[in-house]
Amino acid sequence: MPRIAVTVDGIRYEEDVEPRLLLVHLLRDRLGKTGTPVGCDTSNCGACTVMLDGKSVKSCSVLAVQADGSDVVTIEGLATAGTMHPMQRAFHEEHALQCGYCTPGMVMAAIDLLREDPDPSEETIRHGLEGNLCRCTGYCNIVRAVRRGAQSMGQAVTTP
């Protein structure tokens with residue numbers, strides 16, 4: 001089995017992995033990062049979105065061996081010193097979740113969207129989150145949360 005080294009949420013891990021192991025399963029099953037849910041295993045829902053070297057990816061479509069030498073940030077890695085990331089706080093304050101299953105992926109995708117466009121329009125937000133599905137909210141509160149998060153992040157400048 002190949003041995004990989006990956007930094008996850010600031011901690012370096014070295015793991016022996018089967019070549020077919022998906023990044024989402026490495027994160028959840030081996031490293032205990034259960035905030036990254038397994039949604040569809042087909043890259044359709046986006047629930048498993050994480051940051052890989054600063055860009056959002058669906059971790060069910062990335063092999064763990066492809067992450068060798070990379071830096072991964074999960075939803076657990078966003079908070080610092082017990083303080084929620086501005087986007088996490090915005091999702092909470094705007095009630096942008098119901099069941100919460102899609103929320104980690106939505107938050108990670110939203111942060112990546114703001115890296116490209118720090119002040120997106122509603123249309124840009126909706127387009128930017130197209131790869132992340134929510135079956136509960138109807139997206140209105142999610143869009144408001146991303147706008148609020150963008151405002152907070154613009155002030156805090158704390159994107160991973």
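Among the residues of the stretch 2-27, those identified as touching an Asp or Glu at 6+ places or on another chain (Cβ under 6 Å) and among the β-branched types (Val, Ile, Thr) are 4, 7.
Just to check your reading of the model, which residue among 105, 149 is at pLDDT 95 or above, closer than 19 Å to residue 47 by Cβ, among the small types (Gly, Ala, Ser) and touching a Leu at 6+ places or on another chain (Cβ under 8 Å)? So the residue among 105, 149 that is at pLDDT 95 or above, closer than 19 Å to residue 47 by Cβ, among the small types (Gly, Ala, Ser) and touching a Leu at 6+ places or on another chain (Cβ under 8 Å) is 149. For the subset of the stretch 52-62 comprising residues that are farther than 13 Å from residue 22 by Cβ and touching an Asp or Glu at 6+ places or on another chain (Cβ under 7 Å), which member is surrounded by the fewest Cβ atoms within 10 Å (Cβ to Cβ)? Only one residue fits best here, namely 55. The residue pairs whose first member lies in the stretch 129-141 and is more than 9 Å from residue 47 (Cα to Cα), whose second member is of a type in the set (Asp, Glu) and in a loop (DSSP other than H, G, I, E, B), and whose beta carbons are closer than 8 Å, counting only pairs six or more residues apart or on different chains, are 141/94.
The values are calculated or read from the model by the stated rules, or taken from the named source; none is laboratory data. Quick caveat: nothing in here was measured; it's all calculated off a predicted structure. Because the Cβ atoms are built from the backbone with ideal geometry, glycine has one as well, and the counts that use them run over all protein chains shown.
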